[in-house]
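Undergrad: Just dropping this structure here.
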Amino acid sequence: MTSIKEQAAISRLLSFLQDWDNAGKVARSHILNNFIETNQGKTAPELEQEFSQGASLFLVRLTTWLRLTYMTGSCLEKLLRSIGIFLSSVSSNRYLTEFLEVGGVLTLLEILGLEKVKEEDKKESIKLLQVIANSGRKYKELICESYGVRAIAEFLAKSESEETQEEVQVLLDSLVHGNPKYQNQVYKGLIALLPSVSPKAQQLALQTLRTAQSIVGTTHPSIVYCVLNVLRTMHLEVQYEAIELIKDLVNYDVCSELLKGLVDLLIPSVKETSTLQPKILNDSTVLQLNTHLPVFLQQAAAAKAIGVLARSSTSLAEKMLHLRVVHNLMAAMGNTDHSNSQRQASLTLESNAEDLYMKIDSVQVDILATNKVNVTTELYRSGLFYGNRSFYFGSHDQDVDLPRFQGDMEGKE
């Protein structure tokens, strides 16, 4: 026999459930507000005590209403937060199982792709997916098996809220850890995000890729092209993350391809630069606005990345010398259409670079742009191309005369 106290508790539970069942949207919204306010942070045993060992009866009503109304967005944020109280409570395995058995993961993923659903609601869906993913490997696998990586990555690319995008990054980072069966899937999803038009999505994808790359170990064939293409960005925070990833990638099997790609970017093709010029800019009476041509932004970023790599490793610097990097850097210094390309190239050449590019005249520009200088590894090792000194360019169609070059350098010091 149950005690009078237990009977009263059961009676209160039944009354509460009946109120919910009979309530409309407005009344249910008030019920959810009260539930969130009074039960946030409670453990599973505390929730059971609150609901007289019948908390699951309320959870099933919440999940049922979610499945019926998520496409319309009715009270969706409050509803997801209420479900989150159950799923995030300590010792919540029972609640988690009940939620997953009714297709909870699929519902959360579908919410991310619905245009009518508010950004705040989708953010709550991401938080619930975080809770599920953090519950263990089998739950991460369930999300991935439900085509979750694609849905989550697409949402990151389309989201207009940086705060929400950061929550998505946390989720993707969780999915790549402790998930050997699907870590490659997450890794590929992050690479697919690199061409995104959202700078924040690119930045977060690059950050997470550094972690994913170290976990996966092997590189994907498309990663070099995708990362180099990101260097076209005008957003410095994205460029920074791209260069940080490049610093990591040179330690993998794509090192040679990556270095060659960087060196090649220093001399954009004529076809590429000409197609970026609108016809109106051919009019001499129109102000020439070449500052942000993507190919020139990429050229400047490549010069900067090469400098970072050369200063970090003598071995990398020597490999780039074999690719005629000095020739290409000098050509980039001759790009009068983009001063930052000139500046970054001269900085990488370590040649009193802060203002050198501003002092060269038109003749020197032509010499730089058409130079045939080929610096050997031996010349590099002599230290002449790795110090804060001024260059003597010499004749642009002849090999560098080392004794004359050295004598001129000593005379300038």
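The values are calculated or read from the model by the stated rules, or taken from the named source; none is laboratory data. Since the structure is predicted, the reported quantities are computational estimates derived from the model, not experimental observations. For neighbour counting, all protein chains shown are included, and Cβ atoms are generated from backbone atoms with ideal geometry for every residue, glycine included. The protein model used for the area step is the full one, side chains on, heavy atoms only, and it has no ligands, DNA or RNA in it. Shrake-Rupley method; radii C 1.70, N 1.55, O 1.52, S 1.80 Å.
Undergrad: State, to one decimal in nm, how far the label point of S312 lies from the label point of K116, with both points 7 Å from Cα in the Cβ direction.
TA: That separation, rounded to one decimal, is 4.9 nm.
Undergrad: Sticking with this structure for a sec: Quick one: compute the contact order of segment 128-273, relative version, from alpha carbon pairs under 8 angstrom and 6+ residues apart, as a percent.
TA: Working: 143 pairs, mean separation 26.9, N = 146.
The normalised contact order for segment 128-273 reaches 18 percent.
Undergrad: Next question, about the same structure. Which value, in nm² and rounded to one decimal, describes the direction-averaged projected area of the C-alpha convex hull of segment 39-170? Present the calculation step by step, with values, prior to reporting the outcome.
TA: Values: hull surface 29.4 nm².
Projected area, direction-averaged: 7.3 nm².
Undergrad: OK, next. I'd like to compare 198-207, 23-32: which one has the highest average count of other Cβ atoms within 10 Å, and what's the full order after that?
TA: Values: 198-207: 22.5, 23-32: 13.7.
Those peptides, ordered most packed to least, come out 198-207, 23-32.
Undergrad: What's the extension gain from E162 to A8 if we count 0.36 nm per residue and subtract their Cα-Cα distance?
TA: Computed gain between E162 and A8 is 50.6 nm.
Undergrad: Also, I was wondering about something else. Taking a probe of 1.4 Å, how large is the accessible area per residue of segment 125-239, in Å²?
TA: Values: 4880 Å² over 115 residues.
That works out to 42 Å² for each residue.
Undergrad: Shifting gears a bit: I'd like the FRET efficiency for K271 and M234, computed as 1/(1 + (r/R0)^6) with the beta carbon distance as r and R0 of 25 Å, rounded to 0.05.
TA: Values: r = 22 Å, r/R0 = 0.88.
Step by step, r from the Cβ atoms, then E = 0.70.
Undergrad: Just to verify a number: FRET efficiency for N34 and K247, C-beta to C-beta distance, R0 = 41 Å, to 0.05? Display every interim value, and only then the final one.
TA: Numbers: r = 52 Å, r/R0 = 1.28.
Plugging the Cβ-Cβ distance into 1/(1 + (r/R0)^6) gives 0.20.
Undergrad: Moving on. Tell me the accessible surface of M330 in square angstrom (1.4 angstrom probe, heavy atoms of protein chains only), to the nearest ten.
TA: We get 10 Å² for M330.
Undergrad: Next question, about the same structure. Based on alpha-carbon centroids, what's the gap between segment 77-147 and segment 221-243 in Å, whole number please?
TA: 32
Undergrad: Moving on. Show me the ranking of peptides 297-307, 103-113, 249-259 by mean Cβ neighbours inside 10 Å, starting with the highest. The partial results should precede the final answer.
TA: Numbers: 297-307: 25.4, 103-113: 19.4, 249-259: 16.5.
Ranking, from highest mean packing down: 297-307, 103-113, 249-259.
Undergrad: Can you tell me the order of 40-49, 320-329, 173-182, 151-160 when each peptide is scored by its average per-residue count of other Cβ atoms within 10 angstrom, highest first? Don't jump to the answer; show the numbers that get you there.
TA: Details: 40-49: 14.9, 320-329: 21.8, 173-182: 18.5, 151-160: 20.2.
Peptide ranking by packing, descending: 320-329, 151-160, 173-182, 40-49.
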